[in-house]
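Engineer: Let me give you the structure first, and then I'll get to my questions.
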Amino acid sequence: MCGLFGYTGRKEASRVLLDGIRRLEYRGYDSAGVVTGTADGLHVRRSVGRVTRLAELLGDRGAPGRWGLAHTRWATHGRVSEANAHPHVDAGGCVAVVHNGVVENYRRLRDELAADGVCFHSETDTEVLAQLIGRLYAGDLLTAVRQALIRVKGMYAVGVVCRHEPGVIVAARRGSPVVFGQGDDGFYLASDAHALAGFTRGLTYLDDRRICRLTETDGRVWDEGTAPVAAVHDAPATYRQADPAPFPHFMLKEIFDQPGALEEGMRGRLDDESGTARFDELDIPASRLRQVSRLVLTGCGTSYHAGLVGEYLLEELARIPVEVEYASEFRYRNAPVDRDTLVIAVTQSGETADTLAALREARRVGLPTLSVCNVPGSSVARESDGDIELRAGAEFGVASTKAFTSQCLVLALLALHIGRTRHLSRAEGERVVRDLTALPGAVRRALGCHDAVKRVAARFADTRNVLYLGRQYLYPVALEGALKLKEISYIHAEGYPAAEMKHGPIALVDENTPSVFLVPRGDVFDKVMSNMQEIKARGGPVIAVAADGGGEVAQLADELILVPDVPDYLEPVVAAVPLQLLAYEIAVLRGCDVDKPRNLAKSVTVE
């Protein structure tokens with residue numbers, strides 16, 4: 001959620017640090033700060049709001065020093081204020097700390113330090129770390145950080161500098177990501193590999209419960225004790241410059257990126273001759289997949305919704321029982337363990353704290369794990385037994401769009417792959433391959449609904465509540481559509497199975513509450529039409545998303561948005577497009593910050 005960046009080298013640090021946290025803005029934040037070091041001590045600047053405000057405070061001259069840390073904060077402990085922004089400095093001005101995560105036992109540590117005479121200046125758990133490290137410092141920063149973290153409970157990524165050790169950065173990780181690398185002019189540190197693209201020749205992902213010490217010319221890693229460990233170097237991921245042009249926002253660009261992302265996700269994975277999907281990167285053999293008797297998909301937010309789509313896909317194409325769990329609940333459940341269960345973690349970033357913890361819990365009890373992830377080298381991707389990369393490309397809008405449709409695609413490919421190892425005939429597999437091959441073109445045609453969506457958005461931009469209703473494959477899309485509207489327009493919205501509407505939610509229906517119906521082409525079409533009639537009978541406006549032509553849907557709906565006709569198991573990918581556009585256009589009309597909605601972060605790395 002928060003973002004941290006560090007640099008030690010030959011350049012003026014403040015400019016490098018500002019550039020680094022600008023690359024992390026997409027993660028979501030409410031304040032920013034920077035610390036640099038010189039022989040005169042530590043120089044700290046902090047501000048509420050965007051990085052541009054921090055840059056204004058630094059001015060043209062910047063801050064002195066060639067080493068330091070920067071941070072973007074997403075508030076957990078303490079309100080949004082300059083006093084609570086990072087970096088935090090200890091009482092003696094000796095050390096400065098930036099921190100992602102949560103110190104769960106910070107109250108007890110704070111009380112101990114306060115009883116020892118320490119005066120606190122913020123409401124944060126991070127200042128406790130700074131004061132504790134400062135108290136423990138006795139000439140060696142690495143030792144002080146190690147001793148302090150022994151006393152800390154929780155998940156964290158932490159960066160520390162000390163006025164008495166010029167050019168040194170110490171960083172540690174437990175749960176939250178840390179990556180570093182060497183460039184031509186020094187060493188760089190970040191909480192996201194994207195932030196280091198172009199700065200470094202390679203990347204080193206700091207493993208969990210590891211600590212590193214960086215100087216201008218050297219980077220070394222230790223475990224939580226005192227034993228040095230070998231650092232694992234990976235080639236840096238390549239990203240295009242973060243620029244939405246020619247689109248006004250990243251979200252809109254990423255919505256229109258979807259046909260290309262789907263093509264990339266299928267590239268080299270479809271086998272026409274055998275009627276199956278292949279994953280060269282998958283380390284789980286077909287013989288092991290045939291032994292699996294149950295699948296558990298786990299994720300958070302949009303990824304959870306994609307998992308629900310995956311449940312329908314895997315049960316239909318692979319004929320295998322599937323359960324979908326919120327990762328935040330899965331990690332704490334004491335469910336019976338079936339050794340023939342495969343746990344699949346679905347995540348865009350690969351760093352979501354709850355999903356990572358759920359994956360680790362599955363591994364702890366001896367279950368095989370698989371990840372569906374968009375970021376190679378992320379914690380989830382590295383710690384799972386097998387990883388399938390989405391290949392959707394970097395997603396900068398906080399509200400996920402192309403990652404959702406790419407997740408649905410990869411789960412369809414996986415369902416085909418497993419189905420062909422179990423029961424699916426070659427002819428059926430060939431049919432699915434043809435359907436999948438045609439999907440990017442269908443999504444391109446679906447983007448043609450943009451003008452119709454703008455008309456609908458103009459009509460309902462001032463509404464206060466919206467219902468989203470779907471059946472079967474389209475029920476998870478109703479949940480996702482409601483989430484998108486909530487995330488970026490701040491309108492209350494709820495998604496339901498259409499048949500559940502009369503079991504409570506219909507009480508909300510009136511002339512000011514529109515209902516968005518996702519109309520399927522299959523067996524439950526007539527049922528959904530009856531649900532639509534029930535809304536109309538109570539004066540509720542109906543927005544219908546239906547396949548080409550619309551037919552009788554057009555006669556009943558107040559607003560009709562047409563999408564291409566595709567097989568029912570691919571309807572979620574196509575139907576998601578107008579809902580993404582609708583949320584986007586309404587948010588723009590309401591003057592919302594589409595790419596950086598309030599209170600949200602791109603990657604939720606705290607529990």
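The values are calculated or read from the model by the stated rules, or taken from the named source; none is laboratory data. This one's a predicted model, so the numbers in the text were calculated from it and none came from an experiment. FYI the Cβ positions are ideal-geometry reconstructions off the backbone, even for glycines, and counts take in every protein chain you see. Heads up: the accessible areas ignore ligands, DNA and RNA and are worked out on the full protein's heavy atoms, side chains in. Shrake-Rupley method; radii C 1.70, N 1.55, O 1.52, S 1.80 Å.
Engineer: Please indicate, with yes or no, whether at least one residue in segment 56-63 is more than 27 Å from Pro244 (Cβ to Cβ), assigned to a strand (DSSP E or B) and open to solvent by 20 Å² or more (accessible area, probe 1.4 Å).
Structural biologist: no
Engineer: Having 2 or more residues that are of a type in the set (A, V, I, L, M, F, W, C) and closer than 18 Å to Leu479 by Cα is the bar; report the helices (runs of 4 or more DSSP H) wholly within segment 293-377 that clear it.
Structural biologist: Details: elements: 302-313, 327-330, 353-364.
In segment 293-377, 302-313 are the helices (runs of 4 or more DSSP H) which contain 2 or more residues that are of a type in the set (A, V, I, L, M, F, W, C) and closer than 18 Å to Leu479 by Cα.
Engineer: Examine segment 395-410 for a residue that is more than 18 Å from the chain's Cα centre (by Cα), in contact (Cβ under 8 Å) with a residue 24 or more places away in the chain and within 23 Å of Ser287 (Cα to Cα), and state whether such a residue exists. Even if it seems obvious, please write down each step before you answer.
Structural biologist: To start, the set of residues in segment 395-410 that are more than 18 Å from the chain's Cα centre (by Cα) comprises none.
Checked segment 395-410: no residue is more than 18 Å from the chain's Cα centre (by Cα), in contact (Cβ under 8 Å) with a residue 24 or more places away in the chain and within 23 Å of Ser287 (Cα to Cα).
Engineer: Can you pull out the residues in segment 12-25 that are in a helix (DSSP H, G or I) and surrounded by fewer than 23 Cβ atoms within 10 Å (Cβ to Cβ)? Don't jump to the end; show me each part of the working.
Structural biologist: Quick first cut of segment 12-25, residues in a helix (DSSP H, G or I) only: 13-22, 25.
Within segment 12-25, Arg15, Leu18, Asp19, Arg22, Glu25 qualify.
Engineer: Taking Ala478, is it out of contact with any Asp or Glu (no Cβ under 7 Å at 6 or more places or on another chain) and farther than 12 Å from Leu579 by Cα? If you could, list the steps in order and put the result at the bottom.
Structural biologist: Working: out of contact with any Asp or Glu (no Cβ under 7 Å at 6 or more places or on another chain): yes; farther than 12 Å from Leu579 by Cα: no.
Judged against the criteria, Ala478 is not a match.
Engineer: Against the definition (under 21 Å from Pro166 (Cβ atoms), open to solvent by 20 Å² or more (accessible area, probe 1.4 Å), more than 32 Å from the chain's Cα centre (by Cα) and modelled with pLDDT under 90), how does Arg66 come out, yes or no?
Structural biologist: On the way: under 21 Å from Pro166 (Cβ atoms): yes; open to solvent by 20 Å² or more (accessible area, probe 1.4 Å): yes; more than 32 Å from the chain's Cα centre (by Cα): yes; modelled with pLDDT under 90: no.
Judged against the criteria, Arg66 is not a match.
Engineer: Take the residues in segment 160-215 that are part of a loop (DSSP other than H, G, I, E, B) and of a type in the set (A, V, I, L, M, F, W, C); name whichever of them is nearest to Gly65 (Cα to Cα). Break it down stepwise before answering.
Structural biologist: In the first step, residues of segment 160-215 are kept if they are part of a loop (DSSP other than H, G, I, E, B); the result is 163-168, 176-178, 184-185, 191-192, 197-202, 206-209, 215.
Those still in the list that are of a type in the set (A, V, I, L, M, F, W, C) too: 168, 178, 197, 199, 206.
Values: Val168: 12, Val178: 23, Ala197: 23, Phe199: 19, Leu206: 26 Å.
In this case the residue turns out to be Val168.
Engineer: Which one of these does Gln580 not meet: (1) open to solvent by less than 20 Å² (accessible area, probe 1.4 Å); (2) over 24 Å from Ser303 (Cα atoms)?
Structural biologist: Result: Gln580 passes all but (2).
Engineer: For Val309, indicate whether it is free of Cβ contacts under 8 Å to residues at least 60 places away in the same chain, more than 23 Å from Val102 (Cα to Cα) and out of contact with any Ser or Thr (no Cβ under 9 Å at 6 or more places or on another chain).
Structural biologist: Working: free of Cβ contacts under 8 Å to residues at least 60 places away in the same chain: no; more than 23 Å from Val102 (Cα to Cα): yes; out of contact with any Ser or Thr (no Cβ under 9 Å at 6 or more places or on another chain): yes.
Against the criterion (free of Cβ contacts under 8 Å to residues at least 60 places away in the same chain, more than 23 Å from Val102 (Cα to Cα) and out of contact with any Ser or Thr (no Cβ under 9 Å at 6 or more places or on another chain)), Val309 does not qualify.
Engineer: Determine if segment 554-566 includes at least one residue that is surrounded by fewer than 15 Cβ atoms within 10 Å (Cβ to Cβ), at pLDDT below 95, part of a loop (DSSP other than H, G, I, E, B) and out of contact with any strand residue (DSSP E or B) (no Cβ under 8 Å at 6 or more places or on another chain).
Structural biologist: Within segment 554-566, not a single residue is surrounded by fewer than 15 Cβ atoms within 10 Å (Cβ to Cβ), at pLDDT below 95, part of a loop (DSSP other than H, G, I, E, B) and out of contact with any strand residue (DSSP E or B) (no Cβ under 8 Å at 6 or more places or on another chain).
Engineer: Now for a different question. Identify all residues within segment 140-158 that are in contact with a Leu (Cβ under 7 Å, 6 or more places away or on another chain) and open to solvent by 10 Å² or more (accessible area, probe 1.4 Å); write none if there are none.
Structural biologist: Of everything in segment 140-158, those that are in contact with a Leu (Cβ under 7 Å, 6 or more places away or on another chain) and open to solvent by 10 Å² or more (accessible area, probe 1.4 Å) turn out to be Gln147, Arg151.
Engineer: Output the residues belonging to segment 262-272 that are in contact with an Asp or Glu (Cβ under 9 Å, 6 or more places away or on another chain) and either open to solvent by less than 40 Å² (accessible area, probe 1.4 Å) or without any contact (Cβ under 8 Å) to a residue 12 or more places away in the chain (or both). Talk me through it step by step, then tell me what you get.
Structural biologist: Step one: filter segment 262-272 for residues in contact with an Asp or Glu (Cβ under 9 Å, 6 or more places away or on another chain), giving 265, 268-269, 272.
Listed by number, the residues that qualify are Gly265, Arg269.
Engineer: From (1) surrounded by fewer than 20 Cβ atoms within 10 Å (Cβ to Cβ); (2) modelled with pLDDT of 90 or more, pick out the condition that doesn't hold for His88.
Structural biologist: (1)
Engineer: Quick check on segment 222-261: of everything there that is open to solvent by 50 Å² or more (accessible area, probe 1.4 Å), assigned to a loop (DSSP other than H, G, I, E, B) and in contact with a strand residue (DSSP E or B) (Cβ under 8 Å, 6 or more places away or on another chain), which residue is modelled with the lowest pLDDT?
Structural biologist: In the first step, residues of segment 222-261 are kept if they are open to solvent by 50 Å² or more (accessible area, probe 1.4 Å); the result is 224, 226, 228, 230, 232-235, 238-241, 243, 245-248, 256.
Narrowing further to those that are assigned to a loop (DSSP other than H, G, I, E, B): 224, 226, 230, 232, 235, 238-241, 243, 245-248.
From the residues that got through so far, the ones that are in contact with a strand residue (DSSP E or B) (Cβ under 8 Å, 6 or more places away or on another chain) too are 224, 230, 232, 235.
Working: Glu224: 72, Ala230: 67, Val232: 60, Ala235: 53.
The residue in question is Ala235.
Engineer: Say we look at segment 383-402 and pick out the residues that are small (Gly, Ala, Ser) and either open to solvent by 10 Å² or more (accessible area, probe 1.4 Å) or out of contact with any strand residue (DSSP E or B) (no Cβ under 9 Å at 6 or more places or on another chain) (or both); which of these is nearest to Leu436 (Cα to Cα)? Even if it seems obvious, please write down each step before you answer.
Structural biologist: So in segment 383-402, the residues small (Gly, Ala, Ser) come out as 384, 386, 392-394, 397, 399-400.
Next, only the ones that are either open to solvent by 10 Å² or more (accessible area, probe 1.4 Å) or out of contact with any strand residue (DSSP E or B) (no Cβ under 9 Å at 6 or more places or on another chain) (or both) stay: 384, 392-394, 397, 399-400.
Working: Ser384: 27, Ala392: 16, Gly393: 19, Ala394: 23, Gly397: 26, Ala399: 25, Ser400: 22 Å.
So, considering only residues that are small (Gly, Ala, Ser) and either open to solvent by 10 Å² or more (accessible area, probe 1.4 Å) or out of contact with any strand residue (DSSP E or B) (no Cβ under 9 Å at 6 or more places or on another chain) (or both), the one nearest to Leu436 (Cα to Cα) is Ala392.
Engineer: Next up: For residues in segment 353-369 being without any contact (Cβ under 8 Å) to a residue 40 or more places away in the chain and not aliphatic (A, V, I, L, M), which is surrounded by the most Cβ atoms within 10 Å (Cβ to Cβ)?
Structural biologist: Thr369
Engineer: Further, regarding this structure: If Glu480 passes every condition in (1) in contact with a Phe, Trp or Tyr (Cβ under 8 Å, 6 or more places away or on another chain); (2) modelled with pLDDT of 90 or more; (3) more than 17 Å from Tyr312 (Cβ to Cβ); (4) part of a helix (DSSP H, G or I) but one, which one does it miss?
Structural biologist: Checking Glu480 against (1) in contact with a Phe, Trp or Tyr (Cβ under 8 Å, 6 or more places away or on another chain); (2) modelled with pLDDT of 90 or more; (3) more than 17 Å from Tyr312 (Cβ to Cβ); (4) part of a helix (DSSP H, G or I), the one that fails is (3).
Engineer: Answer yes if at least one residue in segment 110-124 is open to solvent by less than 10 Å² (accessible area, probe 1.4 Å), touching a helix residue (DSSP H, G or I) at 6+ places or on another chain (Cβ under 6 Å) and within 29 Å of Leu356 (Cβ to Cβ), and no otherwise.
Structural biologist: no
Engineer: Moving on. The conditions are (1) open to solvent by 10 Å² or more (accessible area, probe 1.4 Å); (2) within 25 Å of the chain's Cα centre (by Cα), and Leu314 fails exactly one of them. Which is it?
Structural biologist: Unmet condition: (1).
Engineer: Here is a check on your reading of the model: is Leu485 assigned to a helix (DSSP H, G or I), crowded, with 21+ Cβ neighbours inside 10 Å, touching a residue at least 60 places away in the same chain (Cβ under 8 Å) and of a type in the set (A, V, I, L, M, F, W, C)?
Structural biologist: Values: assigned to a helix (DSSP H, G or I): yes; crowded, with 21+ Cβ neighbours inside 10 Å: yes; touching a residue at least 60 places away in the same chain (Cβ under 8 Å): yes; of a type in the set (A, V, I, L, M, F, W, C): yes.
The answer is yes for Leu485.
Engineer: Quick check on segment 520-542: of everything there that is crowded, with 20+ Cβ neighbours inside 10 Å and not aliphatic (A, V, I, L, M), which residue is nearest to Asp510 (Cα to Cα)?
Structural biologist: Gly540
Engineer: What are the pairs with Cβ atoms under 8 angstrom where one residue, in segment 177-188, is modelled with pLDDT under 90 and the other, located anywhere, is open to solvent by 10 Å² or more (accessible area, probe 1.4 Å) and not in a strand (DSSP E or B)? Sequence gap at least six, or different chains.
Structural biologist: Pro177/Asp192; Pro177/Glu351
Engineer: Here is a list of conditions, (1) open to solvent by 10 Å² or more (accessible area, probe 1.4 Å); (2) on the phi < 0 side of the Ramachandran plot, and Val35 meets all of them except one; can you say which number that is?
Structural biologist: (1)
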